[in-house]
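The values are calculated or read from the model by the stated rules, or taken from the named source; none is laboratory data. Please read all numbers here as calculations on a predicted model, not as lab measurements. Glycine gets a Cβ as well: all are built from the backbone with ideal geometry, and neighbour counts include every protein chain shown.
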Amino acid sequence: MTARPDALPTQEMTINMGPQHPSTHGVLRVILTTDGEVVTRAVPDIGYLHRALEKIGERVTYAQYMPFTDRLDYLASMNCNCAWAWAVEKLAGIEVPERAEYLRVIVCELNRISSHLIAFGSYTADMGAFTPFLYAIRERERVNDLFEMICGSRLTYNYARIGGVSGDAPPGFLEKTKEFLDYFEPKIDEYNNLISYNKIFVHRLANVAVVPASEAVAYGLTGPSLRGSGVPFDLRKDEPYSVYPKFDFKVCVGAGERGTTGDCFDRYMVRINEMRESVKILRQAVAQIPDGPVLAKVPRVFKPPVGESYFRSECPRGETGIYLISDGSVNPFRLKIRTGSFVTMNIFEKITRGLMIADIVAVIGSFDIILPEIDR
Amino acid sequence: MEAQAIFDMLKGKFGDGVVELQREGFSPAFVVVAPAEIKAIARFLRDDPSLAFDSLMCLSGVDYKERFAVAYHLFSLEHRHAIGLKAMLPRENPSLPTVDDVWPAANFQEREAFDLYGIVFEGSKDLRRILLPEDWEGHPLRKDYKYPDFYHGIKV
Amino acid sequence: MEQAALALMNAFPPLAGVPPWAVTLLLIVAAAVVILVFALTFEGVGSLVLRKVAGDIQARIGPNRVGPNGILQFLADGVKLVLKEDIIPANADRLLFKLAPYFVFVGSFAAFVVVPFGVGLIAADLNVGIYYVMAVTSLVVVGVLLAGWASNNKWALLGGMRAAAQIVSYEVPVGMALIPAVLVAGSLSLQDIVRSQEGLLGIFGWNLFHNPFTFFSFFLYFTAAQAETNQTPFDLPEAESELVSGYNVEYSGIRFGLFFLAEFGDMFIVAALATACFLGGWNVPFLHAGTLPWIWGNLLSLGVFLAKAFTMVLVMMWVRWTLPRLRVDQLMRMSWKYLVPLTFVNLLGVSLWLLVFKGKGIPGMIASLFG
């Protein structure tokens, strides 16, 4: 558009999408510079939820750190617990009994389902359709009931231990899990019919914030965001840990279903499809789980050997990598947690240039970030 | 590719820039490099077709009581191998060139290392405090960090 | 009104001494009070029904604490709003800030005056009824813009500007979609439009079935009017999850209450106009309401009208809780690129039909085949 010499001067507006905002998935502050409705610059400002988890890790023992990992991503608490347990076990070379590994996988996949349900629900709520959010919460209540059965808690579970899990599944747990899976699987199709392919919803999401595959890798995107850009990389299949090699499931990849590969719609559909794959894994796990002990013998005063290790696991929001340095004492020497949401924020400023304010909300929701993971 | 092979390749190309290979007790193995060479080595690791480390998994600052270090964990999606890079830095004025033009994923993580350790990344496109408020004094993750008593008049 | 005043003065000898204009004024005020009470009651009960319907659709129970099954919830909300602290932001433009809710409320309430509730139940049967409604509901734009600007808040400003753009853009399709009903009736007066739909065994007299173009007009009108009233999928100005309630974010207490009430009032106006223009208004099926005794005619026609209007309101609420929200440029595109051309084509179609078939609709032609 050529500017006319006698046009009225316009000014860019700086708006603060403040830490308190219904759509920023936590206390995220985005400083928008807009020209009317179009955003020219969106700078994220984080740190409102910084709790110095890494510094705390240097003062507590390995076993005492488990409840802190709950708060790392409270919607995928089991995944973070197990990530910490696996990281320490890799550093110290501890052998975990097979039943414990199966239980860990079962709770991790259940938590993946409930985390993706919240991602789905809050995303559609951000887009203006309030109803699917409540349906997602309804299904999540059933998962919470299952978790309450197995560890007594509904949100921050503190379930894994170094060397296994804290308690065996009570009688009836596996049957109830199977009931939940039978109830839940047709619901995914119901939600797809209700909202996923709704014309308005697709128009809001398709071709918005396209992230090409090479950029996704370079900017450090992981998890569903990376797979939404067409890169078929899933840690559970490509760098398998625990008992994942025993399960048969697909890697869900975005394919430009309704727009371009790597747009918001692809990332959203990857999460929906991942719920289906999690149901598949759960069915196999519940069928195959062996009997046995659930906790290995780990000394009470636990001192891993001197060394450094890096372990990463597939959490619902990306890969959670734990870089552990041990100097032979009861406390970790250095503990660095690399979370999917934190590194995903790298691409935020680049991808939001030229979008509208309404699209900023769509982008934040499609990357499914959560602030405790970003701020630690 | 094995860690030893990668180390030999780097040593052959950069000579004194590559210091040693830390293998026993380190998973993945670390190639310790001179801080000044980090950008050239990073670019080589990313662009060489047999190495193709296109994914920076993790960038962390470390405080080994006598000195600082920056640890890079790299991964190649094509060849499915991983390696670590480490650059040792002195405790006074720790600084080294940035790698955020090689892997843009490094930007936020370098800012975090700067924020919590005080390691300066030269040439970074944006080096500000990220997790702590802009006017915070000190670098908390250092082993000799003293907790402040007051912040803006509020008892901490 | 003046005839009613004179009739009243003749019926009651004590009133003979009072000048006629005073009695007329009294009657006008009484009618306005009745309408106001109806509007406020509807808006209050409407908000409760909205929440209960939302609860039903969302697999939960809505309000159920205040009163049996929560039916007194709107009273509790009203009392709460009245008792809230009246906060005006420090740098806000005080006069405009206070003035804005009244514009919005008046814009919505003034349209109730021409709503044909029954055979003889209309506050003022203006002979430019439709035109008057279009004009008066546009006052809402002024109020919303004032609210957005005077709040001294960038988010409110954005919401106000979006609302202004949206309401003004959708005025065109709304007006164009109502014209077919006017053409069929040959009059802008709402009572005439309703009367033109009587006979033919009730339902077949409706403008909805008159010809294919008026059939489309109904849906075009309903869609465009839903945008006029800021309902999802067009509720950008108050997009809760983006603009944190948009133009009324800084309002609290009864000032916010006025915005809130005006929204439900607008919903009723849209439903009432849709009923009057397309769904037969107060026409009682199988009967001629005008020939019944005065009290039965009015009661039956009032009942029929309210039933139809409330059904339309429920449909609006249903759509609101089902569909996501359109982005602002998609909204504008839908109005100017799709609705406006469609309504123009529609208008042309209705005019041609009336010309060719000399004003007869399809049910009329089928009826004349059978004699």
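Taken as a whole, the condition of being assigned to a loop (DSSP other than H, G, I, E, B) and in contact (Cβ under 8 Å) with a residue 60 or more places away in the chain does not apply to C:Glu43.
So that you can scan it fast, the table gives a plain yes or no per residue for (1) within 21 Å of A:Val231 (Cβ to Cβ); (2) assigned to a helix (DSSP H, G or I); (3) at pLDDT below 85:
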{"residue": "B:Met9", "(1), (2), (3)": "no, yes, no"}
{"residue": "B:Asp16", "(1), (2), (3)": "no, yes, yes"}
{"residue": "B:Glu24", "(1), (2), (3)": "no, no, yes"}
{"residue": "B:Leu45", "(1), (2), (3)": "yes, yes, no"}
{"residue": "B:Ala52", "(1), (2), (3)": "yes, no, no"}
{"residue": "B:Leu56", "(1), (2), (3)": "yes, no, no"}
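State whether one or more residues within the stretch A:91-100 are buried (at least 21 other Cβ atoms within 10 Å of the Cβ) and under 21 Å from the mean Cα position of the chain (by Cα). Lay out the reasoning, then the answer.
Our first condition is that a residue be buried (at least 21 other Cβ atoms within 10 Å of the Cβ); within the stretch A:91-100, this holds for A:91, A:96, A:100.
Now narrow it down to the ones that are under 21 Å from the mean Cα position of the chain (by Cα): none.
No, the stretch A:91-100 contains no residue that is buried (at least 21 other Cβ atoms within 10 Å of the Cβ) and under 21 Å from the mean Cα position of the chain (by Cα).
Select, from A:Gly292, A:Gly259, A:Gly254, the only residue that is in a loop (DSSP other than H, G, I, E, B) and touching a Pro at 6+ places or on another chain (Cβ under 7 Å).
Numbers: A:Gly259 fails: touching a Pro at 6+ places or on another chain (Cβ under 7 Å); A:Gly254 fails: touching a Pro at 6+ places or on another chain (Cβ under 7 Å).
Being in a loop (DSSP other than H, G, I, E, B) and touching a Pro at 6+ places or on another chain (Cβ under 7 Å) holds for just one of A:Gly292, A:Gly259, A:Gly254, which is A:Gly292.
The test for being within 15 Å of C:Glu263 (Cβ to Cβ) and either in contact with a helix residue (DSSP H, G or I) (Cβ under 8 Å, 6 or more places away or on another chain) or at pLDDT 85 or above (or both) does not hold for C:Gly62. When the stretch A:251-265 is filtered for residues that are surrounded by fewer than 18 Cβ atoms within 10 Å (Cβ to Cβ), among the acidic types (Asp, Glu) and within 21 Å of the chain's Cα centre (by Cα), nothing remains. Taken residue by residue, the stretch B:146-153 has at least one member that is more than 10 Å from chain A (Cβ to nearest Cβ) and in contact with a strand residue (DSSP E or B) (Cβ under 9 Å, 6 or more places away or on another chain). When the stretch A:119-149 is filtered for residues that are within 7 Å of another protein chain (Cβ to nearest Cβ) and either part of a loop (DSSP other than H, G, I, E, B) or not hydrophobic (A, V, I, L, M, F, W, C) (or both), the ones remaining, listed by number, are A:Thr124, A:Asp126, A:Met127, A:Gly128, A:Ala129, A:Phe130, A:Thr131, A:Tyr135, A:Arg138.
A single member of C:Leu81, C:Leu50 is part of a helix (DSSP H, G or I), closer than 27 Å to C:Val114 by Cα and either in contact (Cβ under 8 Å) with a residue 12 or more places away in the chain or in contact with a Leu (Cβ under 6 Å, 6 or more places away or on another chain) (or both), and it is C:Leu50. Within the stretch A:341-376, being in contact with a strand residue (DSSP E or B) (Cβ under 8 Å, 6 or more places away or on another chain) and within 11 Å of chain B (Cβ to nearest Cβ) holds for A:Ser341, A:Val343, A:Thr344, A:Met345, A:Phe348, A:Glu349, A:Arg376. Within the stretch A:106-135, the set of residues being aliphatic (A, V, I, L, M) and either under 17 Å from A:Val202 (Cα atoms) or without any contact (Cβ under 8 Å) to a residue 40 or more places away in the chain (or both) comprises A:Ala119, A:Ala125, A:Met127, A:Ala129, A:Leu134. Taking the numbered list (1) farther than 20 Å from C:Ala110 by Cα; (2) within 14 Å of chain A (Cβ to nearest Cβ); (3) hydrophobic (A, V, I, L, M, F, W, C) in turn, C:Ala164 passes all entries but (1).
Inside the stretch B:102-145, residues that are facing chain A (nearest Cβ under 10 Å), free of Cβ contacts under 8 Å to residues at least 40 places away in the same chain and of a type in the set (Phe, Trp, Tyr) make up a count of 3.
Taking the stretch A:58-80 only, how many residues are part of a helix (DSSP H, G or I) and farther than 17 Å from A:Arg236 by Cβ? Give the derivation first.
In the first step, residues of the stretch A:58-80 are kept if they are part of a helix (DSSP H, G or I); the result is A:66-70, A:74-80.
Within this subset, residues satisfying the condition of being farther than 17 Å from A:Arg236 by Cβ are A:66-70, A:74-75, A:77.
The total comes to 8.
Yes or no: C:Phe117 of a type in the set (A, V, I, L, M, F, W, C), over 20 Å from C:Met267 (Cβ atoms) and in contact with a helix residue (DSSP H, G or I) (Cβ under 8 Å, 6 or more places away or on another chain)? Criteria not met by C:Phe117. Among the residues of the stretch A:339-376, those that are part of a loop (DSSP other than H, G, I, E, B), under 14 Å from the mean Cα position of the chain (by Cα) and at negative phi comprise A:Thr339, A:Ile369, A:Ile370.
Taken over the stretch A:229-248, the criterion of being among the hydrophobic types (A, V, I, L, M, F, W, C) and more than 15 Å from B:His79 (Cα to Cα) is satisfied by A:Val243, A:Phe247.
Among the residues making up the stretch B:90-106, those that are surrounded by 22 or more Cβ atoms within 10 Å (Cβ to Cβ) and more than 19 Å from A:Val217 (Cα to Cα) are B:Pro94, B:Leu96. Looking only at the stretch A:213-229, residues that are surrounded by fewer than 20 Cβ atoms within 10 Å (Cβ to Cβ) and more than 12 Å from every other protein chain (Cβ to nearest Cβ) come to 0 in all.
Counting only residues that are within 22 Å of the chain's Cα centre (by Cα), of a type in the set (A, V, I, L, M) and in a loop (DSSP other than H, G, I, E, B), the stretch B:114-156 holds 6 of them.
Only helices (runs of 4 or more DSSP H) whose full extent lies in the stretch C:258-371 are considered here, and the ones with at least 1 residues that are closer than 25 Å to C:Glu171 by Cβ and not basic (Lys, Arg) are C:294-322, C:328-333, C:340-356. Within the stretch B:4-18, being touching a helix residue (DSSP H, G or I) at 6+ places or on another chain (Cβ under 8 Å) and either exposed (fewer than 12 other Cβ atoms within 10 Å of the Cβ) or small (Gly, Ala, Ser) (or both) holds for one residue alone: B:Gly17. Only one of A:Lys336, A:Lys280, A:Lys303 is assigned to a strand (DSSP E or B) and either of a type in the set (D, E, K, R) or surrounded by fewer than 24 Cβ atoms within 10 Å (Cβ to Cβ) (or both); which? Step by step, each of A:Lys336, A:Lys280, A:Lys303 is checked, and only A:Lys336 is assigned to a strand (DSSP E or B) and either of a type in the set (D, E, K, R) or surrounded by fewer than 24 Cβ atoms within 10 Å (Cβ to Cβ) (or both). Looking across A:Arg161, A:Arg154, one residue alone is surrounded by 13 or more Cβ atoms within 10 Å (Cβ to Cβ), in contact with a Phe, Trp or Tyr (Cβ under 8 Å, 6 or more places away or on another chain) and either at pLDDT below 90 or not polar (S, T, N, Q) (or both). It is A:Arg154.
Please verify whether A:Ala7 is outside any strand (DSSP E or B) and at pLDDT 90 or above, treating the condition exactly as stated. Before you say what the answer is, go through the steps one by one.
Values: outside any strand (DSSP E or B): yes; at pLDDT 90 or above: no.
Answer is no for this residue.
Only residues that are aromatic (Phe, Trp, Tyr) and more than 10 Å from chain A (Cβ to nearest Cβ) were counted across the stretch B:52-101, and they come to 3.
On the given criteria, is B:Phe68 touching a Gly at 6+ places or on another chain (Cβ under 8 Å) and aromatic (Phe, Trp, Tyr)? Please lay out each step first, then the result.
Values: touching a Gly at 6+ places or on another chain (Cβ under 8 Å): yes; aromatic (Phe, Trp, Tyr): yes.
Taking the combined requirement at face value, the residue satisfies it.
When you look at A:Asp168, is it in contact with a helix residue (DSSP H, G or I) (Cβ under 8 Å, 6 or more places away or on another chain) and at the interface with chain C (Cβ under 9 Å from one of its Cβ atoms), yes or no? Here the answer is no, as A:Asp168 does not meet what is asked.
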